[in-house]
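Okay, so here's the structure we're looking at.
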Amino acid sequence: MSSSDRVVLALGGAGTVGSGIVKALLDKGFRVAVISRDGNRLEKLQNFVTPSTKDHLYTLVGDVGTEEGAEAAKTSLLKSVGKVTDVVSSLGFSWWQGGPPHTQTLKELHQVLETLLLSTFTSWKAFFPLVKDSASGTYTFITGGAGERLLMPGTGFLTLGAAGALAFCQVVREEYPDVPCKLNEVKVNMGVATAERMGTGYINHLDLGEAVASLVEKRNTSHKVFSINSPADLKTVFLEEKV
């Protein structure tokens, strides 16, 4: 199956991490679908990608953060594009720095968990069945190292949510060891930013996008966790075809 015959659903594709992945997939010839609650972010994404690839980008306003919303989005998406052959989910990679736990409310904790963990689950539940039984299908989680440590003061709830996302990805790998589709996780132990917001300890979202697109394209490994600890890891692990 050529790239032009494959339709990749990029969950979180309108965000910083996701937009880099979407652009790279489109540049490789894939058709790409993105669902977001925010139509303005979808419009910005359409203006961000390479102009010649816009016709291969399908956007849909929807909410995958609830079971009902994810199922409704799936129905609308399939009517629009006909099929989904691959899924990349960057919903488990986000940022929060609201302050120490004693200053927060239960509502705030729920919101962080909904963003990082619960939406990762509800979207996976809806879309994993579309690819899991295909040997040519892929499902790739993008997660972050925040779940393993407190990155800085005031990010405690981020650690809780990110830890949940990491644990969920492990559960999926171990509960479904024999699924034909390629099931992988890219764990980014750095910040991810656009070129104008780069700083020490960050990687460019376009570089990450190229690496993830390469993994999706090759489909020659499964049930692996690829840890990114430096910009060099993107090149040695993905771009030099060591997957």
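For the chain, dividing the convex hull volume of the Cα atoms by the residue count gives 121 Å³ per residue. Evaluating 6.51 cos²θ - 1.76 cosθ + 1.60 at θ = phi - 60° for every residue in the range 44-50, the Karplus couplings come out as 5, 5, 4, 7, 7, 6, 4 Hz, glycine and proline recorded as x.
Rounded to the nearest whole Hz, the Karplus-based 3J(HN,Hα) values (6.51 cos²θ - 1.76 cosθ + 1.60, θ = phi - 60°) of the range 92-102 follow the sequence x, 10, 8, 9, 7, 8, x, x, x, x, 5, with x at glycine and proline.
The residues packed around L158, meaning those with a beta-carbon under 12 Å from its beta-carbon, carry a net charge of -1 if Lys and Arg are +1 and Asp and Glu are -1. Can you pick out the pairs among K23/K125; K107/K187; K83/K107; K83/K224; K23/K224; K79/K182 whose Cα atoms lie more than 32 Å from each other? Result: K83/K107 exceed 32 Å. With q set to 0.14 Å⁻¹, the log10 of I(q)/I(0) for the range 130-243, from the Debye formula over equal scatterers at the Cα positions, is -0.61. Its residues counted as N, the range 70-204 yields a C-alpha radius of gyration over 2.2 N^0.38 Å of 1.15.
Phi angles of the range 23-40 translate, via the Karplus equation with coefficients 6.51, -1.76, 1.60 and θ = phi - 60°, into HN-Hα couplings of 4, 5, 5, 4, 5, 8, x, 6, 8, 10, 10, 9, 10, 8, 6, 10, x, 5 Hz per residue; Gly and Pro are given as x. Taking the Cα centre of the range 44-109 as origin and assigning +1 to Lys and Arg Cβ atoms and -1 to Asp and Glu Cβ atoms, the resulting dipole is close to 220 debye.
Taking amide H atoms as placed 1.01 Å from N in the peptide plane, the amide H of V188 lies under 5 Å from those of T143, G144, G145, I228, each 5 or more residues away in sequence or on another chain. A 1.4 Å probe over all protein chains sorts V34, V192, V171 by accessible area into V171, V192, V34, starting with the largest. Heavy-atom accessible area of S52 with all protein chains present, probe 1.4 Å, nearest 10 Å²? Accessible area of S52: about 100 Å². Do any GluC sites (Glu not before Pro) in the range 184-243 lie in a DSSP loop with no more than 11 other beta carbon atoms within 10 Å, and if so, which? Passing sites in the range 184-243 are E240, E241.
What the chain shows is 46 Å² of accessible area per residue, with the surface traced by a 1.4 Å probe over protein heavy atoms. Classification of the range 1-98 by its C-alpha gyration tensor yields an oblate form. The axis ratio a/c (a ≥ b ≥ c) is 1.5 or more, and b/c is at least a/b. Ligands, DNA and RNA excluded, the heavy atoms of L45 present near 10 Å² of accessible surface to a 1.4 Å solvent probe.
Once neighbouring chains are kept in place and the probe is 1.4 Å, which whole percent of the accessible area of the chain is contributed by carbon and sulfur? Solvent-exposed carbon and sulfur of the chain make up 52 percent of the total.
The values are calculated or read from the model by the stated rules, or taken from the named source; none is laboratory data. Please read these numbers as outputs of a predicted model, since none were measured by experiment. Please note: Cβ atoms are built from the backbone with ideal geometry, for glycine as well, and neighbour counts cover all protein chains shown. These accessible areas exclude ligands, DNA and RNA; they are computed on the full protein's heavy atoms, side chains included. Shrake-Rupley method; radii C 1.70, N 1.55, O 1.52, S 1.80 Å.
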